[in-house]
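The values are calculated or read from the model by the stated rules, or taken from the named source; none is laboratory data. Being a predicted model, the structure only gives us computed values, none of them experimental. A quick note on method: Cβ atoms are made from the backbone with ideal geometry, for glycine too, and the neighbour counts reach across all protein chains shown. These accessible areas exclude ligands, DNA and RNA; they are computed on the full protein's heavy atoms, side chains included. Shrake-Rupley method; radii C 1.70, N 1.55, O 1.52, S 1.80 Å.
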Amino acid sequence: MSNRRSRQSSSAPRISDDQMIDLVTKLRQILPEIGQRRRSDKVSASKVLQETCNYIRNLNREVNNLSERLSQLLESVDEDSPEAAVIRSLLM
Amino acid sequence: MASADKLINTDVPEKDVFAFHFLQSLSNLRKQNPFDTPDQKNYRVRKIKKAAYVSMARAAGGSSRLWSRALLRRADKDDNKIVRFSRRKRKVTWKISSKRRRSNQRAPVVEEAAERLRNLVPGGGGMETSKLMEETAHYIKCLSMQVKVMQCLVDGLSPK
């Protein structure tokens, strides 16, 4: 079965340029605040990839910050506060 | 599968799927290590961060995406689980050598940016550029969903 899977991946059709453009467009749509440039595809593709890298780094930073805040919140909850009730109902 | 997929699907599940998996991870964490020891703050933060990524990978469909597979495998390795069997299968299935990657080279300026992206997306190192873009689109959607879930949780738990 693993052989079949490897044969599939090697004979899978390469993504055509049209599909590549479609993917770049999709990425462009997901990224916030990207300029609506209409230059050649190559330039915009690399710019989109650059913005994507920045966006991913920002998201990772967000996750870090939120993890820290969550850690503080989960530790410092009083026993009878409404937050404790929320936690209890969510986590138990 | 000889038919070419014209539409590349990058849909992600709804937010509550991510929320469910994350809360489940947090609840497991709570059972293992109670959140009362004040001197283990960094350890707690790291555990929560890891729970965020792992639960995101599970919510996104576990093994149906290259990035989520790579992420879960990396997490298992961190826990020192034995991954010898899966490594053997991995060589045959989705590990694309750099030689094959070179067969679909885009313009050098695109490839340069793609290299940086490969370092950021789990499992990106073995992907062709076009596959990388598809995985990235899905990865970004899932990551932003996860951030929203965590933000909601923080907002709900913060004292008014």
Accessible-area ranking of A:ARG69, B:ARG118, B:ARG69, largest first, probe 1.4 Å: A:ARG69, B:ARG69, B:ARG118
Rounded to the nearest 10 Å², the accessible area of A:THR25 at probe 1.4 Å: 50 Å²
Extension gain (nm, one decimal) between B:ASN42 and B:CYS152, 0.36 nm per residue minus Cα-Cα: 37.4 nm
Average beta carbon contacts from partner chains per residue of B:142-155, 10 Å cutoff: 4
R0 of 22 Å, Cβ-Cβ distance A:ARG61-B:ASN119: FRET efficiency to nearest 0.05: 0.90
Long-range HN-HN contacts of B:GLY61 with modeled amide H, under 5 Å: none
Across A:LYS26/A:LYS47; B:LYS41/B:LYS77; B:LYS15/B:LYS131, pairs whose alpha-carbon gap is larger than 21 Å: B:LYS41/B:LYS77; B:LYS15/B:LYS131
